[in-house]
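Each remark here refers to the structure printed beneath this line.
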Amino acid sequence: MATTLGELERSVMEFLWASDEAMTAYDLRDRLAAAEVDRSPAITTVLTVLSRLENKGFVQRQRTSRPHLYRAQASREDHMAELMHEVLGSATNRSAVLERFVGQVSEREAALLRELLESRSHR
């Protein structure tokens, strides 16, 4: 699933990630218009974006009702972790990338990383 998202795709995903409930394309269009993301996008545009997101594995469509309902396939955190893993995997020198990353985190984030790595080693 790790792939970059276009601006409108990201906006749609932000609404889906923030919702506990599945949403229709009409719900999403209304929220996009209210947020002035894309001055009242056409429903066909929203449906096209949802279709692309479904093909990319970001969205799950529930076809049991009309209109169809859409929900995020995975969480925002899952997506971000996959992006980080994808970037790391494309590095020619993973150690250097990790070193620079760790050098840029706050003390609080470093402590969390230590804690997570420690708990991982006890599994």
Item to check | Test: THR24 is farther than 24 Å from THR4 by Cβ and surrounded by 15 or more Cβ atoms within 10 Å (Cβ to Cβ) | outcome: yes
Checklist outcome for this item: In the range 92-115, anything loosely packed, with under 10 Cβ neighbours inside 10 Å and either of a type in the set (Gly, Ala, Ser) or not assigned by TED's automatic domain parsing to the domain that holds ALA81 (or both) is listed as SER95, GLY103, SER106
Item to check | Conditions (1) within 23 Å of ASP78 (Cβ to Cβ); (2) loosely packed, with under 15 Cβ neighbours inside 10 Å; (3) charged (D, E, K, R); number of the one not met by GLU14 | outcome: (2)
Checklist entry - Pairs, please: C-beta under 6 Å, at least 6 apart or cross-chain, first residue over 16 Å from LEU69 (Cα atoms) and in the range 9-36, second among the β-branched types (Val, Ile, Thr) and crowded, with 19+ Cβ neighbours inside 10 Å? => result GLU9/VAL49
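The values are calculated or read from the model by the stated rules, or taken from the named source; none is laboratory data. Predicted model, so just to flag it, every value in this text is computed and none were measured. Using ideal geometry, Cβ is built from the backbone for each residue, glycine included, and neighbour counts are taken over all protein chains shown.
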